[in-house]
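Worksheet: the structure to be examined is printed underneath.
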Amino acid sequence: QLLVFVATPGCDGFPSLDSKESYKLSVSEGSLLLSADAVWGALRGLETFSQLVERDENGTYYINKTEIVDFPRFPHRGLLLDTSRHYLPLKAILETLDVMAYNKFNVFHWHIVDDPSFPYESLTFPELSKQVTHPSHHVAPSSGDVQTVIEYARLRGIRVIAEFDTPGHTLSWGPGAPGLLTPCYLGKYPSGSYGPINPILNSTYQFVTSFFQEISTVFPDFFLHLGGDEVDFTCWKSNPKIRAFMKEMGFGEDYKKLESFYIQRLLDIVSSLGKGYIVWQEVFDNRVKVRPDTVVHVWKEHSTPYMEEMANVTKAGYRALLSAPWYLNRISYGQDWMAAYQVEPLEFEGGPEQKDLVIGGEACMWGEYVDVTNLTPRLWPRAGAIAERLWSNVTVRDLQDAYVRLADFRCKLLRRGVQAQPLYVGYCENEFSG
Amino acid sequence: HLTVTGPVAILKADEVWGALRGLETFSQLVHEDDYGSFLINESEINDFPRFAHRGILLDTSRHYLPLKSILTNLDAMAFNKFNVLHWHIVDDQSFPYQSIYFPELSDKGAYSYNHIYTPTDVHLVIEYARLRGIRVIPEFDTPGHTQSWGKGQKNLLTPCYNGEQPTGSFGPVNPILNTTYDFMTRFFKEISSVFPDAYIHLGGDEVNFDCWKSNPEVKEFMKKQGFGTDYAKLESYYIQNILDIVSSYNKGYMVWQEVFDNNAKLKPDTVVQVWMENNYAHELSRVTGAGFTAILAAPWYLDYISYGQDWKKYYSVEPLNFPGSEKQKDLLIGGEACLWGEFVDATNLTPRLWPRASAVGERLWSSSNVTSLQDAYKRLTNHRCRMLRRGIAAEPVFVGYCAHEARG
């Protein structure tokens, strides 16, 4: 019997960035002991324990004598799923949470809405999902889908950080919230198409306040991801009222200032709701005034080399999350897990206090070409390389050794019913039968 | 020929194979309206394939593919009017084919006893394919790509040498021993009777000469035969023997392009498969110029995945875009989409193959003027949803959704 001892009692709370995930595992003749400061560490320890149990040729289960003291290198180890480009059924999300737990991932970054669809069924603004999205593709707090995900994640020590990306990436918000998006103009007349959220109207900020009030209650994590990436200025520039506003505000031709104007007000609104926020790097790059405890999410690989960006963000005193080299949706031929594994998040010029500001990273599975038919094989075992990079010590980087363990782990995933794809030629005792 | 009018639709074909294709088309014309009624538009269709050989290559050596996944893909192939399964059944890594004459080959060469195709399994695949109008052409690739053969057949492969000493490792099939040809004679006798198609694929690609060059007996043989140091001549010597053996069983053969490139003497009805991407149009000219039938695989290696809508580049290939006469162009009888198995098994095969292979399927069936990418996109996304409805886990083409969601 495995004895589990947790110093701080209680398992009704939610995991957070500060959760203690360390544990000690002692296996010897007659004694199996798992101890942890908090229940979250016990979960990690149980996962390790489950992976140490082997079966011999006679079918007997055994575990080697072992003494383990373990804790994560980075506290934020996340996976991003995109449920706007393609809807993902609840079952697929829950299964992904299971496999995340097997890999000791502890953050589910839910990029829930975007341009193509708005599957989140808002209680305050039910029209948002009704207008653009196929009825069976709704994720409803009312029917419990969102709560199901949050609780399922919690039980696995996984935080759910929802991203409602604005002011760009918002086309699907338009039909359900008339007047929210900027009408684009062709000369003197509206062209009929729409652009980012309209930053000059009071109604916009009223909407944003009410909407994020709901989001803040529905999602218990302290952090919300507010997006802020890839804002295309063309539509704003075409709109005469916006041009007038730019003049009034003295922004000149610098639309980044207009973007910042919106973002700052959004951040203030969200702060006043008692939430912290994560933003994509553009918000930092465009010099928006953000709170000191903002987390900046570095995702661009090349416009500034991402390691330089990490240095800049942390030098300015902000916490950073790394995703740039970990876009798992960008598939290519061969063992691309190796490049992901070899990334060293702290490989930039900076002092130790700077490096402490890197709180972790996220593997991203954007959904343009991904849905339930190919999600699992595309995620696993490749994401496992990133999970190890974020949990294990900086010295754990031998590729040969990692290959052996990852290939073995992949077979384990198959045994656990996960449709993880192969790393390279070879076989598992029990193949996926389809 | 399909005529749809009320009250009866009529499908006529010269042979049952045409009827199968027509039934597939008919099944795709039926659609459901908003009230759940099934409808079909009045139509008059005269259809026939542009190319006669429209194949999919599956590799069951780098990764074993359970029977179910092979059968599911035969279904998907039929939905896309593919008519050849090129079964690359064995290779270096494993030998899953359970031979009746040489059971040791799979006993010792398969990944495990659970990673085997028994004679029953093989018959099942052949019959399942036949009912869908799909030919099964097995490939037993030699003399290279044969590491797994050596486990169960001692003395088949060439021992490599370091100076005077054998290193313990082995190279391609040993072309200088009579035992090699005795083995191949018996082995291909079995293959010829197990697989009913008129053709067998004999491989012949990527033969690494290093091991042959290191072996003193092989070097001796080269001298005796007057081959000098041209090991391509030794390779051709081997291949010619195999081709003669297989001919004697009244089978035609397909070979990879190296066999032609290295000047082996081929029977006039040999089919040469062009797979090297570099300058493949030029290769097609040469092969057909020499009077041989060709099939094209080079631009259609679907295992070479990349980010984005790569189906477009597969669709945009025009097989007859090579310098040559009318007669030459007639010799290009079709092509194959290849899904090599280094990184593929049953966990990711179906989404990786479909609907990308569908682009190749249309290119090989439809007329050369069916080339609009916009139009193809609409039909392909629709077809992808259709495959989902039919239980094929085809991956998405781009952002969007299917009315009937895939079961997760």
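The values are calculated or read from the model by the stated rules, or taken from the named source; none is laboratory data. As the structure is a computational prediction, the values presented were derived from the model and not from experiment. Virtual Cβ from ideal backbone geometry, glycine too; neighbours counted across all protein chains shown.
Test of understanding: among A:298, A:270, A:288, which residue is in the same structural domain as residue A:347 (by the TED database), in contact with a helix residue (DSSP H, G or I) (Cβ under 6 Å, 6 or more places away or on another chain) and either over 21 Å from residue A:114 (Cβ atoms) or at pLDDT below 95 (or both)?
A:288
Residue check: is residue A:44 touching a strand residue (DSSP E or B) at 6+ places or on another chain (Cβ under 7 Å), in contact (Cβ under 8 Å) with a residue 60 or more places away in the chain and not assigned by the TED database to the domain that holds residue A:197?
Criteria met by residue A:44.
Among (1) in contact with a Cys (Cβ under 9 Å, 6 or more places away or on another chain); (2) farther than 30 Å from residue A:413 by Cβ, there is one condition residue B:302 misses while meeting the rest; what is its number?
Status for residue B:302: all satisfied but (2).
Condition first: at negative phi, in contact (Cβ under 8 Å) with a residue 60 or more places away in the chain and more than 14 Å from chain B (Cβ to nearest Cβ). Now tell me which residues in region A:101-117 satisfy that.
Correct list: A:102, A:103, A:105, A:106, A:107, A:109.
For region B:301-312, which residues satisfy the criterion of being touching a residue at least 12 places away in the same chain (Cβ under 8 Å), farther than 13 Å from residue B:362 by Cα and of a type outside the set (Ser, Thr, Tyr)?
Of everything in region B:301-312, those that are touching a residue at least 12 places away in the same chain (Cβ under 8 Å), farther than 13 Å from residue B:362 by Cα and of a type outside the set (Ser, Thr, Tyr) turn out to be B:302, B:303, B:305, B:309, B:310.
Would you pick out the residues in region B:236-263 that are touching a Gly at 6+ places or on another chain (Cβ under 8 Å) and not β-branched (Val, Ile, Thr)?
B:256, B:258
Let's see how each residue does on (1) of a type in the set (D, E, K, R); (2) within 13 Å of chain A (Cβ to nearest Cβ):
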site: B:328; (1), (2): no, no
site: B:342; (1), (2): yes, yes
site: B:374; (1), (2): no, no
site: B:383; (1), (2): no, no
site: B:386; (1), (2): yes, no
site: B:393; (1), (2): no, yes
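Which one of the conditions (1) closer than 28 Å to residue A:380 by Cβ; (2) among the basic types (Lys, Arg); (3) at pLDDT 95 or above does residue B:363 fail to meet, given that it meets all the rest?
With respect to (1) closer than 28 Å to residue A:380 by Cβ; (2) among the basic types (Lys, Arg); (3) at pLDDT 95 or above, residue B:363 is out only on (1).
Can you confirm whether residue A:350 is surrounded by 21 or more Cβ atoms within 10 Å (Cβ to Cβ) and either away from chain B (no Cβ under 14 Å) or among the hydroxyl-bearing types (Ser, Thr, Tyr) (or both)?
Answer is no for this residue.
From A:94, A:88, A:81, which residue is part of a strand (DSSP E or B) and within 14 Å of another protein chain (Cβ to nearest Cβ)?
The match here is A:81.
So which helices (runs of 4 or more DSSP H) stay within region A:222-282 end to end and still have 2 or more residues that are within 23 Å of the chain's Cα centre (by Cα) and within 13 Å of residue A:212 (Cα to Cα)?
By residue number, A:255-272.
Mind checking which residues of region A:397-434 are assigned to a loop (DSSP other than H, G, I, E, B), more than 9 Å from every other protein chain (Cβ to nearest Cβ) and of a type in the set (D, E, K, R)?
Matches in region A:397-434: A:397, A:398, A:416.
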